[in-house]
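The structure under discussion appears below in the form of structure tokens.
The values are calculated or read from the model by the stated rules, or taken from the named source; none is laboratory data. This structure is a prediction, so every number in the text was calculated from the model and none was measured. Glycine also receives a Cβ, built like all others from the backbone with ideal geometry; neighbour counts cover every protein chain displayed.
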Amino acid sequence: MESATALYALCAVAFGAALPKVRSRLELSKAKHPSLRGHARIARRLAPLVPFYDYDDERFFRSDDASDETAARRRAGFHRLAALYRERYPETTRLTAQAEPGISDLQFINAYRVPFQYRRHVREHLGAGAFVASSSGVTVTDLDGNRFYDLTGSYGVNVFGYDFYKECIDRGCDRVRDLGPVLGAYHPLVADNVRRLLALSGQDEASFHMSGTEAVMQAVRLARYHTGRSHLVRFVGAYHGWWGDVQPGVGNPMPARDTYTLKDMHDDSLRVLRKRRDIACVLVNPLQGLHPNRNAPGDSALVDSSRGASFDREAYTDWLRRLRAVCTERGIVLIFDEVFLGFRLAPGGAQQYFGVHADIVTYGKTLGGGLPVGAVCGRRDLMRRFRDDQPTNICFARGTFNSHPYVMGAMNEFLQRLESPGVRSLYADLDAVWDGRAAALNRRLESAGLPVRVAHLSSVWTTYYTQPSRYNWMLQFYLRAEGLALSWVGTGRLVFSLNYTDADFEAVADRFVAAARAMREDGWWSPDAPATNASIRRRILWEMVARKR
Ligand SMILES: Cc1ncc(COP(=O)(O)O)c(C=O)c1O
């Protein structure tokens with residue numbers, strides 16, 4: 001009897017001791033997004049189970065069971081586009097086909113432009129050219145002399161127009177030519193760059209790196225070093241470069257053991273930040289304000305019309321403020337990853353735009369004035385890489401090409417011009433300008449009865465679709481035929497440079513509407529193949545199951 005009582009007591013003590021752990025585990029589970037995006041480990045396990053299959057010529061045009069008449073319209077439209085591509089882009093396509101076997105990256109992006117079931121047929125007939133010869137104003141010109149309005153934004157680098165960056169590079173190179181490629185010792189421009197960057201970011205110290213990915217790696221490493229904690233928090237769907245710890249899901253062959261991926265804009269996540277003791281830092285990519293908890297909206301994932309996007313500046317600002325408060329309360333390092341958005345929303349970046357001060361900020365892309373760069377700016381105590389009282393306790397980070405004179409020259413031009421009245425005027429009424437342009441295009445799309453809309457965060461846009469369809473990804477090919485250049489992710493990211501005039505924008509809007517009209521005429525949004533997003537997804541699942549059998 002006595003021993004039974006002792007056992008009960010022991011169990012009660014053990015249970016009591018385990019309870020906080022169980023509770024904390026449950027809280028963590030609650031703060032995960034219910035989708036696979038929120039469960040990186042499961043997503044990685046499931047990914048190899050998805051079988052490859054593709055549609056033959058017949059199925060390609062009626063994977064939604066469209067009528068014979070609709071399938072015939074689609075076929076005619078598709079081959080008309082293919083003929084136009086052949087006639088218009090011969091040299092660009094020829095060189096792309098010749099170079100592709102030797103360029104791994106090109107093989108990858110060409111394979112992931114459209115959902116994989118359609119890939120083979122699209123590649124056979126609508127090969128996208130990967131080469132361009134020149135740029136000017138808001139356009140780029142391919143090897144066949146075709147001019148396209150540039151909506152690629154060069155991965156976000158192009159904020160002020162290509163001519164701006166050409167000048168930054170040319171003048172920057174002139175200014176450092178005497179030193180040339182000497183590394184290790186700094187060119188004097190480094191000091192001026194640091195001064196300007198610290199003034200813009202409101203931070204105490206800076207370090208230079210070769211890419212945005214490296215800047216993020218260093219920011220996280222510093223946060224871990226100074227807090228003595230292991231984990232980083234990122235939010236569902238946010239891209240922070242291709243380093244393993246910030247890419248815990250599909251795409252990284254190894255699990256990211258020290259990463260928590262939490263729901264964006266959600267109290268459950270704040271609760272986890274408040275309770276856990278192992279969190280070193282929170283990484284925020286403010287671009288997620290456009291599509292919280294969703295991945296970058298690439299067309300290869302556009303299997304239905306469930307893509308959603310909308311930016312609510314007030315709600316996102318409120319979220320960042322609350323995040324800021326919790327991080328301060330818990331000694332967690334708040335890192336704004338402004339590699340993509342830095343300098344696009346305001347001269348002082350997302351910090352200025354949202355009125356929230358981070359502990360560390362990462363920059364890259366446009367900051368290099370057209371040359372490759374990454375930068376970390378942060379609070380003095382967090383940027384320190386060694387300890388006075390422990391001489392062998394250091395946080396190492398270098399990199400051969402950090403502070404490369406030519407990059408520093410182009411950066412200096414960039415930072416100087418950022419202060420010029422001409423560039424400052426581009427920021428005036430920025431929201432009003434881009435809100436007005438997006439609203440005008442949406443009005444035109446709506447009044448033409450087209451099932452396409454745009455959502456935007458300032459000059460970064462994404463399209464979404466109002467009628468369930470399996471073929472929305474086709475829009476990228478109609479847009480190209482209309483002379484609009486998109487990056488390989490297709491209609492998910494239209495990135496405008498701020499030098500787009502109203503007339504330039506009108507031309508883009510005309511072409512956008514014309515492309516969507518042509519796509520409708522060709523039957524890709526067919527009323528005779530009614531579906532819901534859920535029924536489309538179910539259908540695809542069945543195709544996969546059938547393939548596995
Ligand atoms: C927010 C963000 N962080 C980091 C990176 C990585 O930068 P890079 O491609 O220069 O390594 C990117 C690139 O797109 C990005 O958008």
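Here the condition is being closer than 20 Å to F340 by Cα and within 16 Å of the ligand (Cβ to nearest atom); of G161, G244, it holds for G244 alone. Looking across region 171-221, the residues that are hydroxyl-bearing (S, T, Y) and closer than 24 Å to L345 by Cβ come down to S201, S207, S211, T213.
Is it the case that region 213-223 has a residue that's of a type outside the set (G, A, S), within 12 Å of the ligand (Cβ to nearest atom), under 21 Å from P297 (Cα atoms) and without any contact (Cβ under 8 Å) to a residue 60 or more places away in the chain? Checked region 213-223: no residue is of a type outside the set (G, A, S), within 12 Å of the ligand (Cβ to nearest atom), under 21 Å from P297 (Cα atoms) and without any contact (Cβ under 8 Å) to a residue 60 or more places away in the chain.
Scanning region 42-72 for residues that are among the charged types (D, E, K, R), more than 28 Å from the chain's Cα centre (by Cα) and closer than 21 Å to A531 by Cα returns E58, R59, R62, D64, D65, D68, E69. Any chance region 357-364 includes a residue that's on the phi < 0 side of the Ramachandran plot, more than 16 Å from the ligand (Cβ to nearest atom), in contact with a helix residue (DSSP H, G or I) (Cβ under 9 Å, 6 or more places away or on another chain) and hydroxyl-bearing (S, T, Y)? No: region 357-364 contains no residue that is on the phi < 0 side of the Ramachandran plot, more than 16 Å from the ligand (Cβ to nearest atom), in contact with a helix residue (DSSP H, G or I) (Cβ under 9 Å, 6 or more places away or on another chain) and hydroxyl-bearing (S, T, Y).
Considering only residues that are crowded, with 18+ Cβ neighbours inside 10 Å and closer than 24 Å to V250 by Cβ, which ones fall in region 110-129?
Result: N110, R113, V114, P115, Q117, Y118, R119, V122, A128.
Of all residues in region 375-384, those that are over 22 Å from V423 (Cβ atoms), within 16 Å of the ligand (Cβ to nearest atom) and not aliphatic (A, V, I, L, M) total 1.
Residues of region 346-374 being of a type in the set (A, V, I, L, M), closer than 24 Å to D431 by Cβ and surrounded by fewer than 24 Cβ atoms within 10 Å (Cβ to Cβ), which ones?
A346, V356
Reported count of residues in region 321-332, each being crowded, with 21+ Cβ neighbours inside 10 Å and either at positive phi or within 16 Å of the ligand (Cβ to nearest atom) (or both), is 0. Region 308-419 holds strands (runs of 3 or more DSSP E) entirely within its bounds, and those carrying 1 or more residues that are of a type in the set (V, I, T), within 22 Å of the chain's Cα centre (by Cα) and at pLDDT 95 or above map to 333-337, 360-364, 374-378. Please go through region 252-274 and give me each residue that is at pLDDT 95 or above and more than 15 Å from R322 (Cβ to Cβ), ordered by number. Of everything in region 252-274, those that are at pLDDT 95 or above and more than 15 Å from R322 (Cβ to Cβ) turn out to be D258, T259, Y260, T261. Residue count for region 445-459 under the criterion of being touching a Ser or Thr at 6+ places or on another chain (Cβ under 8 Å) and either modelled with pLDDT under 95 or part of a strand (DSSP E or B) (or both): the result is 5. On inspection, A238 fails the criterion of being surrounded by 19 or more Cβ atoms within 10 Å (Cβ to Cβ) and either under 21 Å from M383 (Cβ atoms) or among the acidic types (D, E) (or both).
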